[in-house]
Amino acid sequence: MRKWKILIVEDEILIADTIQRYLEQQGYQVSGIAISYEEAVQLLTAEQPDLVLIDIRLSGPKTGIDLAIFLQQQVQTVPFIYLTSQTDKKHIDQAKQTFPASFLTKPIQASALYANIEIALHKQETQSFHETKLSIYDGSNIYLVPAEDILYLKADHVYVEVHTKHQGVLVQRKSLTDMLEDLLLPPFLQVHRSFVINLKAVTGWQPQCVFINETTIPISRARRKEILEYLEEMG
């Protein structure tokens, strides 16, 4: 199963350590703890987290608001949640301008933190999925296929068949591994040396195979446990 990476930006070490322990208990991977804007920027570059928890007040001249502005300026946007005791109108108005995924006030309730993290990650994943398009060149034309339109990919020697909902079967001379690099993991997963599936398109499954409409796709023994865990979680 995928472990979401979360960066904690908090200048109170005891609070940061408590949040880290809780996140790890819930199965998240903590990318690190930063106490200042500068440390946070370094960790963002090095670790590339999926989500950032930000206190507005940080060590040093720059604030969590400054960090949020930095995040918004990046090509690859990362969702963030404010965790702060700064609840006066001035700070709330500043925070609103940065469009956070959420704004939680201290002391943080564990259940509220978990719920807001899950919603933020789901929203980001769904938005990224809908925005992704796969470029396919069949030798004469280039097709831009939305990720949500792709059912599965099938390797056929040096070609890959892209089976779609609305554009039929498109064929490109490319390896399955190279095609997979252009898609989000998940919902796209390689279940067999010859097949990559869109988990969202699966209509049923058994321990040895998955069904996408009328098509039966085998699951390799090495990937079986991981794939079935994903399917059970989604279904």
> What net charge do the residues around residue 10 carry, taking every other residue with its C-beta under 14 Å from that of residue 10, with Lys and Arg at +1 and Asp and Glu at -1?
Replying inline: -2
> What's log10 of I(q)/I(0) for the chain at q = 0.17 Å⁻¹, Debye sum over Cα points only, no solvent?
Replying inline: -1.12
>> I'd like the orientation of helix 37-47 relative to the chain: the angle between its Cα long axis and the longest Cα principal axis, in ° from 0 to 90, rounded to 10.
In response: 20 degrees
> Where does helix 13-25 land angle-wise versus the long Cα axis of the chain, in degrees 0 to 90, nearest 10?
Replying inline: 20 degrees
> Counting only pairs 8 or more places apart or on different chains, how many lysine pairs in segment 26-151 have C-alpha atoms closer than 30 Å?
Replying inline: 13
> What angle, in degrees between 0 and 90 and rounded to the nearest 10, separates the Cα long axis of helix 110-131 from the longest principal axis of the Cα atoms of the chain?
Replying inline: 40 degrees
> Counting each DSSP H run of 4 or more residues in the chain as -39500 (n - 2.57), what helix-only mean residue ellipticity at 222 nm follows after dividing by all residues, to the nearest 500 deg cm²/dmol?
Replying inline: -10500 deg cm²/dmol
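Throughout, read-outs are computed from the coordinates displayed, never taken from laboratory work. Because the structure is predicted, anything quoted here is derived from the model rather than measured. Cβ: placed from backbone, ideal geometry, glycine included. Neighbour counts: every protein chain shown.
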